[in-house]
1. Run the helix sum for the chain: -39,500 (n - 2.57) per DSSP H stretch of 4+ residues, divided by residue count, reported at 222 nm to the nearest 500 deg cm²/dmol.
2. Evaluate the charge dipole of the stretch 272-443 about its Cα centre and quote only its size in Debye, nearest 20, assuming +1 on the Cβ of each Lys and Arg and -1 on the Cβ of each Asp and Glu.
3. Taking neighbour counts of Cβ atoms within 10 Å as a proxy for exposure, in what order, fewest first, do Thr307, Thr154 appear?
4. Can you flag which of Lys217/Lys244; Lys396/Lys436; Lys13/Lys217; Lys67/Lys95; Lys374/Lys441 are past 18 Å Cα-Cα?
5. Nothing charged except the Cβ atoms of Lys and Arg (+1) and of Asp and Glu (-1): what's the magnitude of the dipole of the stretch 62-265 about its Cα centre? Round to the nearest 20 debye.
6. For a label point 7 Å from the Cα of Asp268 along Cα→C-beta, name the residues of the stretch 284-315 whose backbone N is under 16 Å from it.
7. With the dipole of the chain worked out from charges on the C-beta (+1 for Lys and Arg, -1 for Asp and Glu) around the Cα centre, which of Ala228, Ala354, Met258 lies farthest toward the positive end?
8. Could you give the angle, 0 to 90 degrees to the nearest 10, between helix 180-197's Cα long axis and the longest principal axis of the Cα atoms of the chain?
Amino acid sequence: MFVCTECKSRSQKWSGKCLNCSAWSSLVEAPDEKKKKGLGGGGSAAPLVALQDISASAPAHARLSTKIASVDEVLGGGIVPGSLVLLAGEPGIGKSTIVMQIAIAARGALYVSGEESADQVSLRMKRLAGPGGKADIKFIGTTDFEEVYNAIKTHRPTLAIVDSVQTMRHPDVPSEPGNVAQIRAVANALMDLANQTGVPIILIGHVTKDGSVAGPKTLEHLVDVVIALEGERSDRLRFMRCFKNRFGPTDEVAVLEMLENGLQPVADPSGLLLQERSLPVPGTVVTCLMDGNRPILVEIQALTTRTTFGFPQRRAVGVDTGRLQILLAVLGRRMGLPVDQFDVFVNVVGGLSADEPAADLAICMAIASALADKTIPQTVIAFGEVGLSGEIRRVKNMDKRLKEAERQGFKFALVPAAKNFPTTKTLKLTPIADIKSVLEKIEK
Ligand code: TYD
Ligand code: MG
């Protein structure tokens, strides 16, 4: 018997597609029915736990620190015992590196790899622990998930790492490793195991740039915490952010740098992001994003080229294309810019995502500056949300953003109109009511 993990319907034969709900690869082998008598046919009752008797400060339940403060923050204060953390990222981005650093910090971790040999992993461990550095890590090199499951259950490590979900072969699922049914079965089993044993587990999942390949996306609702490691592979900077956390907030971002000794925290992310600024060219402007509580300055770049035939293209790296389309519609309809005759490309330098509305104003200014072929002075910083009628709306944490801009030596800030402006010494604030008034300034 097989059962569909989506609609729970049963069928005699396994097939790639559920005949009932049409979900793909959702059939898994059903547990043997004959052994069960059904509800009401005996069996034991679950033990009751008195919630008031559980002491929150019991040391056994303390979170596991990764020994990197910003990574702990992203995790909501460390790794919760008995939780399953999914670490997703593109191949080569540094997932195996960061989990090895965490494994070293955990003392007594178990590292499972279905991708690399003991030699390779040991080499990485020694490099990351540094000369004279101590590490206590057990290794299993296998793709047989049953062996992994039993090993975690038997040995109860302080932390278990499974690298990667795509390489594990669950014995109950007939399809190939990496298949959606396989990775779901593996994640489900690890979730139960983490709960039962109290062992925190980090599960690595590869994603491709568009994130669409069967994989971590389908696991997000199964696990406790989803962490993504992002960045440009050609660049040293990496951003670790949390997309889901059953035990804490999800708005922190850790800025890390890939060095010889692994991923290390960056003390001054704004400085690093801005240090490679080019000469002033049309289409670039700096804005300030918030990563949790910390302001980060990033450069937004736009390039426009006349559309040669057909539909104008819109491409963006680090900006949601849906958001870009809306901003282009505002620039076109409200400001009369000829955006429908131009292909528009937008990029956030350094690989950070500008998914905050506060970046709107800078994105619009970068596009307008590119279209007008006019340079915006490099001493200018801009932030504000752009509404559908072109009005500039207020954003949160204005004072933190301005303080950071001042610290980095900016002289002029274009900001939304506010009742009380924070006081600044060397930074001149210009309140902007609507996008039109900024564009007029650019034109001049
Ligand atoms: P890796 O962690 O293997 O990526 P993933 O597991 O996400 O596929 O890391 C990939 C790159 O990181 C690799 O090109 C080598 C580089 N690297 C460093 O620069 N410094 C280091 O200390 C380590 C361990 C790796
Ligand atoms: Mg790897």
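1. On the way: 11 runs with 114 residues, N = 444.
It comes out at -7500 deg cm²/dmol, rounded to the nearest 500.
2. On the way: 22 positive and 18 negative charges, 91 e Å.
The calculation lands at about 440 debye.
3. Details: Thr307 15, Thr154 8.
Ascending number of Cβ neighbours within 10 Å: Thr154, Thr307.
4. Details: Lys217/Lys244 12 Å; Lys396/Lys436 23 Å; Lys13/Lys217 27 Å; Lys67/Lys95 16 Å; Lys374/Lys441 10 Å.
Those over the limit are Lys396/Lys436; Lys13/Lys217.
5. Details: 21 positive and 24 negative charges, 97 e Å.
Dipole magnitude for the stretch 62-265 comes out near 460 debye.
6. Label zone hits: 295-298.
7. Among Ala228, Ala354, Met258, the one farthest towards the positive end of the dipole of the chain is Ala354.
8. Its long axis makes an angle of about 70 degrees.
Here, each number is a calculation from the coordinates, and none is a lab measurement. As the structure is a computational prediction, the values presented were derived from the model and not from experiment. Glycine gets a Cβ as well: all are built from the backbone with ideal geometry, and neighbour counts include every protein chain shown.
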